[in-house]
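Asks: Have a look at this one.
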Amino acid sequence: MGEIILTMKGIDKTFPGVHALDNVDFELYKGEVHALMGENGAGKSTLMKVLTGIYRKDKGTITYEGKLVEFTNPREAQQAGIVIVHQELNMLGHLTVAQNIFIGREYMKGVKIDDARMNVEASKLFKRLNIDIDPTEKMSNLTVGKQQMCEIAKAISHEAKIIVFDEPSAALTESEVDELFGIIRDLKEKDIGIIYITHRMDEIKIITDRVSVMRDGAYVGTLISEDSTKNDIISMMVGRIIYEEPKTKSTVAKDAPVVLKVENLNAGRSVQDINFELYKGEILGFSGLMGSGRTETARAIFGADPKESGNIYINGAKVEINNPEDAVKHGIGYLSEDRKRFGIVVRRTVSENSTMANLENFMKGIFIDKKKENTETEKYVESLAIKTPSVDQLVVDLSGGNQQKVVLTKWLVKNCDILIFDEPTRGIDVGAKSDIYKLMNELVKEGKSIIMISSELPEVLRMSDRVIVMCEGRKSGELRIEEATQEKIMHLATLDD
Ligand SMILES: Nc1ncnc2c1ncn2[C@@H]1O[C@H](COP(=O)(O)OP(=O)(O)OP(=O)(O)O)[C@@H](O)[C@H]1O
Ligand SMILES: [Mg+2]
């Protein structure tokens, strides 16, 4: 391997009530892709924020290109050649793609911003990276994946020597991930050092050279990716081995009643004539490629988007759902895939977020019953192992994966009979994933019913009692779990006629 470009040694960082980094070491070579793994809240993002000058470390040294450095803000780090693509999107929705990419370093024409020039430069950048995005498009019109690709393009446009990717693939479609890997291979060729944070085990062998593992704020060790197995890494992360066996048999009672029936649902191109039934106590998997219409179907059922036609029956009775309030009233909860836009309010506390969808149950006269709110929230903080010093912590200060768990809590507290989970374990570490699976199994055992949209086939096969596959806005098939295989699902997901 090449020359060392970065050495972090003995890094320590404490937040009120949280020892986020405890004497952490990290080393990176030029031209290396170095994965950083660890459970939610292990300290990965914090370590990278210390590196890029977003947080000040309490102790430790950072040596970059042979010199001790101490960045006091991200701009200094950027100027020195270290940039970060953040886990949470930071784009401004009302600006165009090009305006976002050149924010803070706009091209000017006299005293005015030169939009035409920025559009040209952004086009060149996308062309170089082989990304298909229109620079004049408003950012809020892009999918989460495309927004993420813009973040990545923006980082690369800085001509950095080290690029940190904090869970870039969590929001990307499969073909976008391929694009990203192409970009990373190019950067590697140019001898740029890359730090790659991910929860996806299968990516380690494909794109990384080494993997370092953190646990509870401490450095555990570093492995050569090629020589290590998934279980090696997992046991370093969580101290135990987790087996993900597929489900072999439906656990739904033979005489279980239909709780939700969707009939001839239409809503734009993404939702065409959808029909299905959900049984009491069932986990119904929704599989398909990204963009196949699964999220749009969920949103149309939930009333988050208008529908053109179709009927929805709950426990046999026809209901009108024109907005999310109607849906909630009928006992439907929707855990959105895009937590920042639809899931949580980051400037509120864990307990405020948890009870948000269900406030009327936490009122005492005209006031919120704080004690009840906290007690109820604490129950879920424990069962989902949410890492937070207290339920009064602001959600913005939680790690990404723990924010996702708070969204889950919100709908669990609500006590809905029908839950729609859209990519429930995205950005969740392997240990916590298995906690969420356990919880889902408990929920259906209690008689609740779950629609689970998931892009991870092992997850679909492990959790579902039945699988619906979507392709290009239509239901392309339905499989009992006893007959479902990865191959059959993929086949239905990619039908071309
Ligand atoms: N600004 C902050 N204020 C208080 N606590 C914080 C802050 N930022 C992070 N933490 C805490 O520090 C710990 C480490 O968080 P960090 O975001 O680094 O985890 P992570 O490994 O990136 O996890 P994930 O996989 O969920 O993204 C967590 O307990 C988190 O709640
Ligand atoms: Mg993180």
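Asks: 5 Å is the cut-off here: which amide hydrogens, built 1.01 Å from N in the peptide plane, fall below it relative to Thr96, excluding neighbours closer than 5 in sequence?
Replies: Placed amide hydrogens put Met139 under 5 Å from Thr96.
Asks: Restricting to the chain, compute how many DSSP beta bridges are antiparallel as a %, nearest 5. Walk me through the numbers on the way to the answer.
Replies: Values: 48 of 83 bridges.
Approximately 60 percent, going by the DSSP bridge assignments.
Asks: Where the centroid of each part is defined by its Cα atoms, how far is the range 298-340 from the range 107-155 in Å?
Replies: 35
Asks: Let me have the 222 nm mean residue ellipticity of the chain computed from DSSP H runs of 4+ only, each contributing -39500 (n - 2.57), with the sum over all residues rounded to the nearest 500. Display every interim value, and only then the final one.
Replies: On the way: 16 runs with 161 residues, N = 497.
Result for the chain, helices only: -9500 deg cm²/dmol.
Asks: Right, something else. Alpha carbon centre of the range 344-358 versus the range 1-40: separation in Å?
Replies: About 31 Å separates the Cα centre of the range 344-358 from the one of the range 1-40.
Asks: Ordered by packing density, taken as the mean number of other Cβ atoms within 10 Å over each peptide's residues, highest first, how do 440-451, 296-307, 394-405 rank? Let's see the in-between values first.
Replies: Values: 440-451: 18.0, 296-307: 20.8, 394-405: 22.4.
Averaged packing, sorted descending, gives the order 394-405, 296-307, 440-451.
Asks: Provide, in order from the shortest bin, the percent of all Cα-Cα pairs of the range 351-497 in each 10 Å bin, continuing until the bin that contains the maximum pair distance.
Replies: For the range 351-497, the pair-distance distribution reads 10, 35, 30, 16, 7, 1.
Asks: Counting Lys and Arg as +1 and Asp and Glu as -1, what is the net charge of the other residues whose Cβ lies under 12 Å from the Cβ of Gly17? Before the final figure, lay out the partial values.
Replies: Working: positive: Lys387; negative: Asp392, Asp397.
Net local charge, Gly17 excluded: -1.
Asks: If you roll a 1.4 angstrom probe over the protein chains with everything in place, what fraction of the accessible area of the chain belongs to carbon and sulfur, to the nearest %? Write out the running numbers ahead of the final one.
Replies: Values: 10890 of 22300 Å².
Carbon with sulfur: 49 percent of the solvent-accessible area.
Asks: Still on this structure, I have one more. Just to check, using Stokes-Einstein with a Kirkwood Rh over alpha carbon pairs, what's the diffusion coefficient of the range 4-238 at 37 °C and 0.692 mPa s in µm²/s?
Replies: 179
Asks: While we're looking at this one, here's another question. How many Å² of accessible area per residue for the range 4-238, probe 1.4 Å?
Replies: Value returned for the range 4-238: 44 Å² of accessible area per residue.
Asks: What is the percent of Cα-Cα separations in the range 56-109 that go past 14 Å?
Replies: Working: 979 of 1431 pairs.
Cα-Cα pairs of the range 56-109 separated by over 14 Å account for 68 percent.
Asks: Amide H to amide H, which residues 5 or more places from Glu478 or on other chains are under 5 Å from it, using H placed in the peptide plane?
Replies: Val469
Asks: Leaving ligands and nucleic acids out of the surface, order Asp273, Asp166 by accessible area at 1.4 Å, largest first.
Replies: Numbers: Asp273 75, Asp166 5 Å².
Order by accessible area, largest first: Asp273, Asp166.
Asks: Taking amide H positions as placed 1.01 Å from N in the peptide plane, with prolines and chain starts having none, which residues 5 or more places from Tyr55, or on another chain, fall under 5 Å of its amide H?
Replies: Hits under the 5 Å cutoff: Val50.
Asks: While we're here: Would you kindly derive the ³J(HN,Hα) couplings of the range 189-195 from the backbone phi angles with the Karplus curve 6.51 cos²θ - 1.76 cosθ + 1.60 (θ = phi - 60°), listing them in order in whole Hz, with x for Gly and Pro?
Replies: Each residue of the range 189-195 in turn: 3, 7, 6, 7, x, 10, 10 Hz.
Asks: Related question: Which of Ile274, Phe302, Val469 sits farthest toward the positive end of the charge dipole of the chain, with +1 on the Cβ of Lys and Arg and -1 on the Cβ of Asp and Glu?
Replies: Result: Phe302.
Asks: On to the next question. Please report, in Å, the Rg and the Dmax of the range 428-472, where both are computed over Cα atoms only.
Replies: When restricted to the Cα atoms of the range 428-472, Rg and Dmax are 11.4, 34 Å.
Asks: Over the range 4-238, what is the relative contact order in whole percent, taking alpha-carbon pairs under 8 Å and six or more residues apart? Numbers along the way, then the final one.
Replies: Working: 447 pairs, mean separation 67.1, N = 235.
Across the range 4-238, relative contact order equals 29 percent.
Asks: Could you rank Thr7, Thr248 by how accessible they are, 1.4 Å probe, largest area first?
Replies: On the way: Thr7 45, Thr248 110 Å².
Of Thr7, Thr248, the descending order of accessible area is Thr248, Thr7.
Asks: Can you give the net charge of the other residues whose Cβ lies under 13 Å from the Cβ of Ile197, counting K and R as +1 and D and E as -1? All intermediate terms of the calculation are to be shown ahead of the outcome.
Replies: Values: positive: Lys44, Lys49, Arg200; negative: Glu39, Glu88, Asp166, Glu167, Glu203, Asp429.
With Lys, Arg at +1 and Asp, Glu at -1, the net is -3.
Asks: Sticking with this structure for a sec: Could you pull the accessible area for Lys190 with a 1.4 Å probe, rounded to 10 Å²?
Replies: Surface open to solvent at Lys190 totals about 130 Å².
Asks: Further question: Between Asn266 and His94, how many nm apart are label points set 7 Å from Cα along the C-beta direction?
Replies: Between Asn266 and His94, the simple spin-label model gives 3.7 nm.
Asks: Work out how much length Thr63 to Glu27 would gain on full extension: take 0.36 nm times their residue separation and subtract the Cα-Cα distance, in nm to one decimal.
Replies: On the way: separation 36, 0.36 × 36 = 12.96 nm, distance 0.95 nm.
Residue separation times 0.36 nm, minus the Cα-Cα distance, leaves 12.0 nm.
Asks: Next question. What accessible area per residue, rounded to a whole number of Å², is obtained for the range 258-493 using a probe radius of 1.4 Å? All intermediate terms of the calculation are to be shown ahead of the outcome.
Replies: Details: 9700 Å² over 236 residues.
Per-residue value: 41 Å².
Asks: Can you put Phe71, Phe367 in order of accessible area, largest first, using a 1.4 Å probe? Don't skip to the answer; put the middle values down first.
Replies: On the way: Phe71 25, Phe367 140 Å².
The ordering from most to least exposed comes out as Phe367, Phe71.
Asks: Pop out the ³J(HN,Hα) list for the range 246-252 in order, Karplus 6.51 cos²θ - 1.76 cosθ + 1.60 with θ = phi - 60°, rounded to Hz; leave Gly and Pro as x.
Replies: Ordered by residue, 3J(HN,Hα) equals x, 6, 9, 8, 5, 9, 7 Hz.
Asks: For the range 283-377, what does the equivalent ellipsoid look like in terms of its semi-axes, each the square root of 5 times an eigenvalue of the Cα gyration tensor, given largest first in whole Å? Don't skip to the end; give the middle numbers.
Replies: Values: eigenvalues 166, 65, 26 Å².
Largest first, the range 283-377 gives 29, 18, 11 Å.
Asks: Okay, moving on. For the range 57-172, what is the largest minus smallest coordinate of the Cα atoms on each principal axis, given in angstrom and ordered from greatest to least?
Replies: Result, largest extent first: 44, 39, 25 Å.
Asks: To continue, here is another question. So what is the relative contact order of the range 258-493, in percent, for Cα pairs below 8 Å that sit 6 or more residues apart? Please list the in-between numbers first.
Replies: Working: 464 pairs, mean separation 69.4, N = 236.
Relative contact order for the range 258-493 comes out at 29 percent.
Asks: For the chain, what is one quarter of the convex hull surface built on the Cα atoms, given in nm²? Intermediate results must be reported in sequence, preceding the final value.
Replies: Numbers: hull surface 101.3 nm².
One quarter of the hull surface, i.e. the mean projection, equals 25.3 nm².
Asks: Per residue of the range 385-394, in order, report the coupling 6.51 cos²θ - 1.76 cosθ + 1.60 (Karplus, θ = phi - 60°) as ³J(HN,Hα) in whole Hz, putting x for Gly and Pro.
Replies: 6, 6, 8, 8, x, 7, 6, 8, 5, 5
Asks: Where the Cα atoms of the range 1-85 are projected onto their three principal axes, how long is each span, largest first, in whole Å?
Replies: Sorted from largest, the Cα extents of the range 1-85 read 39, 26, 23 Å.
Asks: How high is the relative contact order of the chain? Use alpha-carbon pairs under 8 Å, at least six apart in sequence, and give a whole percent.
Replies: On the way: 1009 pairs, mean separation 81.2, N = 497.
It rounds to 16 percent for the chain.
Asks: Would you kindly calculate the translational diffusion coefficient of the range 179-303, applying Stokes-Einstein with the Kirkwood radius from alpha carbon pairs, for 37 °C and a viscosity of 0.692 mPa s, and quote it in µm² s⁻¹ without decimals? Please report the intermediate quantities before stating the final value.
Replies: Working: Rh = 19.1 Å.
My calculation gives 172 µm²/s for D.
The values are calculated or read from the model by the stated rules, or taken from the named source; none is laboratory data. What you see is a predicted model, and the numbers here were worked out from it, not measured in a lab. Backbone-built Cβ (ideal geometry, glycine too); neighbour counts: all protein chains shown. All accessible areas refer to the heavy atoms of the entire protein, side chains included, with ligands and DNA or RNA removed. Shrake-Rupley method; radii C 1.70, N 1.55, O 1.52, S 1.80 Å.
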